[in-house]
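The values are calculated or read from the model by the stated rules, or taken from the named source; none is laboratory data. As the structure is a prediction and not an experimental result, all values here were calculated from the model. Cβ placement follows ideal geometry from the backbone for every residue including glycine, while neighbour counts extend to all protein chains displayed. The area values use the complete protein model at the heavy-atom level, side chains included, leaving out ligands, DNA and RNA. Shrake-Rupley method; radii C 1.70, N 1.55, O 1.52, S 1.80 Å.
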Amino acid sequence: MASAAAPSPLPVASLSAPRAVAAAGPHPLGFPRRLKPSTGGAPRSSLRVVASSSKVDPVEERAPVAPLTGVPVPAGASPPGPSLEPQPQVSTGTWKWRGYNVRYQKAGTSGPALVLIHGFGANSDHWWKNVPVLAMENRVYAIDLIGYGYSDKPNPREIGENFYTFETWGEQLNTFCAEVVKSEAFFICNSIGGVVGLQAAVMEPQKCKGIVLLNISLRMLHIKKQPWFGKPFIKSFQSLLRNTIVGKLFFNAVATPESVKNILCQCYHDTSAVTDELVQIILQPGLDPGAVDVFLEFICYSGGPLPEELLPLVKCPVLVAWGEKDPWEPVELGRAYASFDTVEDFVVLPDVGHCPQDEAPELVNPLVQSFVERHS
């Protein structure tokens, strides 16, 4: 089933005032912070917050990367350099995968390749504040995973079980790199997109040069993380959602502008970033035929890989960044990932929620660019 026509490419977003970035430091629950082997790039860096009562720019213990050009400058402010280059144009394309239409966006004509992978219920438009800026120095692609955004949404009941899994999305991502990107790439991921990126990198290590994980999903509803006495209840609840009208009623209650705005205001610390435009970005493709079946299929998906199972298998460098105020994926639990040998840094983003790329692009874009330059 084909999805509705995709909207026009991402608009250029203006960025808010700078915030501070904090280093990982010792884990409060006792997880070790081990030294990592060299990954062939520049020396490891440590980001710290400058002592101040107000938000300040981060300070690094190495030579700073030159600021990105093309970032919009507020009226009355001084530009960062003698001139500002225009940001690259973002275009939208459709790619055929397994006979299904997959929507993606791209910008930039030279430099390393970056593939941006969205989270649950989102789509490539959620990177609207990142694609044009990162495309100043890179070839940037943002993809709608099958079942999401303006990609096709095949009915899981018609194609059999175990279609909407991280293995499926990992294969989709790797094939996209082979057929569209046509080179190895950095995976920049948010939420469940982080599990997709890790899965793809494990399946075909030669495709991935490095991974940035932004508030990766901890998968706290995974069957392995539930107590034995709760597992029968979870299976019964999943069956109720899948096989009765309850699931569709639940989806219909969620798929409204008011509900989407309320959900976003929960996971964004700075609720001023939750604009009507953002609500439409998230909501509109969710109204496509088939979206309800994909939604219910995924919230009933309590198997598959966990991040802590995939991280030891990854061969490329990984940077983990975490919004400190994420109410869904607590940073205190996320810090455990700093102990994995493949993770070169764990960066805390103060006063930021679950979607740092949209809520704090002025922190995320330079962090991504610095990581890419270290490993290119």
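Summary of values
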| read-out | value |
| --- | --- |
| Some residue of region 256-264 being within 19 Å of the chain's Cα centre (by Cα), closer than 16 Å to Glu359 by Cβ, modelled with pLDDT of 95 or more and not in a helix (DSSP H, G or I) | no |
| Selection count where residues are open to solvent by less than 30 Å² (accessible area, probe 1.4 Å), closer than 18 Å to Leu198 by Cβ and part of a helix (DSSP H, G or I), scope region 145-174 | 7 |
| Output for region 316-340, where each listed residue is surrounded by fewer than 21 Cβ atoms within 10 Å (Cβ to Cβ), in a helix (DSSP H, G or I) and aromatic (Phe, Trp, Tyr) | none |
| Scope region 175-184; condition part of a helix (DSSP H, G or I) and either of a type in the set (Val, Ile, Thr) or open to solvent by 10 Å² or more (accessible area, probe 1.4 Å) (or both); matching residues | Thr175, Ala178, Glu179, Val180, Val181 |
| Criterion (at pLDDT 95 or above and not in a strand (DSSP E or B)) met by exactly one of Val133, Val102 | Val133 |
| Residue under evaluation Val292, criteria (1) in contact with a strand residue (DSSP E or B) (Cβ under 8 Å, 6 or more places away or on another chain); (2) β-branched (Val, Ile, Thr); (3) within 28 Å of Pro156 (Cα to Cα), criterion not met | (1) |
| Only listed residue being farther than 30 Å from Val318 by Cβ, open to solvent by 30 Å² or more (accessible area, probe 1.4 Å) and in contact with a helix residue (DSSP H, G or I) (Cβ under 6 Å, 6 or more places away or on another chain), chosen from Val246, Val260 | Val246 |
| In region 305-315, residue farthest from Val343 (Cα to Cα) [restricted to those that are buried (at least 17 other Cβ atoms within 10 Å of the Cβ) and in contact with a Ser or Thr (Cβ under 8 Å, 6 or more places away or on another chain)] | Pro307 |
| Hits in region 200-222 - residues which are open to solvent by less than 20 Å² (accessible area, probe 1.4 Å), closer than 19 Å to Glu167 by Cβ and either part of a helix (DSSP H, G or I) or polar (S, T, N, Q) (or both) | Ala200, Ala201, Ser217 |
| Hey, Glu277 within 15 Å of Leu218 (Cβ to Cβ), surrounded by fewer than 19 Cβ atoms within 10 Å (Cβ to Cβ), out of contact with any helix residue (DSSP H, G or I) (no Cβ under 9 Å at 6 or more places or on another chain) and among the acidic types (Asp, Glu) or not | no |
| Candidates Ala200, Ala185, filtered to the one that is in contact with a Pro (Cβ under 9 Å, 6 or more places away or on another chain), of a type in the set (A, V, I, L, M, F, W, C) and in contact (Cβ under 8 Å) with a residue 12 or more places away in the chain | Ala185 |
| Selection status of Ser151, polar (S, T, N, Q), touching a strand residue (DSSP E or B) at 6+ places or on another chain (Cβ under 9 Å) and over 15 Å from Cys316 (Cβ atoms) | yes |
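Residues are listed down the side, and each one gets a yes or a no for (1) closer than 28 Å to Pro257 by Cα; (2) at pLDDT below 95; (3) of a type outside the set (S, T, N, Q):
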{"site": "Asp270", "(1), (2), (3)": "yes, no, yes"}
{"site": "Ala273", "(1), (2), (3)": "yes, no, yes"}
{"site": "Leu287", "(1), (2), (3)": "yes, yes, yes"}
{"site": "Ala291", "(1), (2), (3)": "yes, yes, yes"}
{"site": "Ile299", "(1), (2), (3)": "yes, yes, yes"}
{"site": "Val314", "(1), (2), (3)": "no, no, yes"}
{"site": "Pro330", "(1), (2), (3)": "yes, yes, yes"}
{"site": "Cys355", "(1), (2), (3)": "yes, no, yes"}
{"site": "Glu359", "(1), (2), (3)": "yes, no, yes"}
